[in-house]
1. Please verify whether residue 51 is among the hydrophobic types (A, V, I, L, M, F, W, C) and modelled with pLDDT of 95 or more, treating the condition exactly as stated.
2. From the list 372, 348, 356, pick out the single residue that is over 24 Å from residue 144 (Cα atoms), outside the structural domain of residue 80 (by TED's automatic domain parsing) and free of Cβ contacts under 8 Å to residues at least 12 places away in the same chain.
3. For residue 108, which of the numbered conditions (1) within 20 Å of residue 232 (Cα to Cα); (2) in contact with a Gly (Cβ under 8 Å, 6 or more places away or on another chain) fails to hold?
4. Among (1) in a loop (DSSP other than H, G, I, E, B); (2) modelled with pLDDT of 85 or more, there is one condition residue 199 misses while meeting the rest; what is its number?
5. Tally time: how many residues in the range 24-47 are free of Cβ contacts under 8 Å to residues at least 40 places away in the same chain and more than 19 Å from residue 6 (Cβ to Cβ)?
6. Please go through the range 125-134 and give me each residue that is buried (at least 16 other Cβ atoms within 10 Å of the Cβ) and under 16 Å from residue 195 (Cβ atoms), ordered by number.
7. Looking at the range 89-108 only, could you name the residues that are among the hydroxyl-bearing types (Ser, Thr, Tyr) and touching a helix residue (DSSP H, G or I) at 6+ places or on another chain (Cβ under 6 Å)?
8. Considering only residues that are among the aliphatic types (A, V, I, L, M), part of a helix (DSSP H, G or I) and surrounded by 24 or more Cβ atoms within 10 Å (Cβ to Cβ), which ones fall in the range 1-45?
Amino acid sequence: MKLGNSAAATDPGRRRRHNEDSYVCEPPVFAVADGIGGAQAGEVASGLAAAALRDNSGDGDGDMPGRVDALIQEANRRVYQRQAADAAVSGMGTTMTAALVEGDHVWIGHVGDSRAYRIRDDSLEQLTEDHSLVAELVRSGKLSPEEAEGHPQRSVVTRALGTDPDVDVDTFQIETKPGDLFLLCSDGLTTMVDDATILAETGRNRDDLKAAAKALVRAANRGGGEDNITVVFFEIVGDEDHTVSLPPQQEGTDDDEETLDELDRVSVVETAEEPEPPPRRERSPARRRALLSAVALIAVILASGFAVWGLWHSHFVGAEPDGHVAVYQGLPWNIAGNLHLYRAVYVSPLQAVQLSEPERKKLFDHSLRSKSSAFAAVRRYENQIGNSP
């Protein structure tokens, strides 16, 4: 087996003026880096990390796990030294998900919430585990996967390059077979596009990976384009240079009858031949609508009253999109999409990535506290880590 085609695409999205993502698409090395720390700082961090992989991708011996780890450690060293020496970019960092192809294996190195996927036999498999606040909350059972998708702090990472002299890298190998297609991407894709759409767009453009990458970027922008979007594809082919194409996904149709198979049609006929039950006496539609409206109105009034009380009396600890720990007044809920029932009353210089996982679990449990209790919890960690303002 050997490497086949590869392609990449990146876009700032619809809401960001700057693109803080960088990527590497230089076989046999591939990577995506998503910068953290603001427009200039994030762009600098991801660019430094990507350059480190390009400069050192040919170094190393047969120790593949050590080689992948060394590549990302060098990227971390460059970002850390730059942010420590330059006040203009102090506190910057970046995620990195990298892949190194060697024979029948792909070696993955991963830090942050960018992702690596493998598409095989018309199935999409996530290979990496997110290092993010919401992922930790899901793993601890405090959030469901559905709640995590719309969580206001879903972009807060708990591990990144550049925040410490050394970084903990997830390193592992994936066995390959001809036809495997690998996808590396920033979270600007996965927060806007679901797995089914990724499969559908990739399947329609399987013979042209550049077109597939652009199609995923367009899909993310159609979904809102709230963040920078970066996509890197590479495929594994047989020694005879034969590429196995995935069949394109079928699009839905408004005509449900056209999607029924013969079994479905038989069931409908058989059901129609059964005798109908005697009609039941039901309430009039008008009375039923009036009752439902009254119940809904009472629910809205109760929820609004509880929300107003919560906004003025409750506090909790969370993190801002740039990763800084914060104290919020209100309730950790979103309604009607991006309308949230809380506001930040204090943003700490302390960053979530500076805390250990047990410390994050304790601090970010979303339990409601008094104002003094929430501030005391944050101050305690500030004093321990030396980040007190």
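The values are calculated or read from the model by the stated rules, or taken from the named source; none is laboratory data. Given the structure is predicted, the values throughout are model-derived calculations rather than measurements. Note: ideal-geometry Cβ built from the backbone for every residue, glycine included; neighbour counts use all protein chains shown.
1. Values: among the hydrophobic types (A, V, I, L, M, F, W, C): yes; modelled with pLDDT of 95 or more: yes.
Answer is yes for this residue.
2. Numbers: 348 fails: free of Cβ contacts under 8 Å to residues at least 12 places away in the same chain; 356 fails: over 24 Å from residue 144 (Cα atoms).
After applying the criteria, what remains is 372.
3. Going through (1) within 20 Å of residue 232 (Cα to Cα); (2) in contact with a Gly (Cβ under 8 Å, 6 or more places away or on another chain) one by one, residue 108 breaks only (2).
4. Exception for residue 199: condition (1).
5. As a first pass, look at the range 24-47 and keep what is free of Cβ contacts under 8 Å to residues at least 40 places away in the same chain: 26, 39, 43, 47.
From the residues that got through so far, the ones that are more than 19 Å from residue 6 (Cβ to Cβ) too are 39, 43, 47.
Result for the range 24-47: 3.
6. At the first step, the residues of the range 125-134 found to be buried (at least 16 other Cβ atoms within 10 Å of the Cβ) are 127-128, 130-134.
127, 128, 130 - these are the residues of the range 125-134 that are buried (at least 16 other Cβ atoms within 10 Å of the Cβ) and under 16 Å from residue 195 (Cβ atoms).
7. Going through the range 89-108, the residues among the hydroxyl-bearing types (Ser, Thr, Tyr) turn out to be 90, 94-95, 97.
Within the range 89-108, 90, 94 qualify.
8. Of the residues in the range 1-45, the ones among the aliphatic types (A, V, I, L, M) are 1, 3, 7-9, 24, 29, 31-33, 36, 39, 41, 44-45.
Okay, now just the ones that are also part of a helix (DSSP H, G or I), so 39, 41, 44-45.
Within the range 1-45, 41, 44, 45 qualify.
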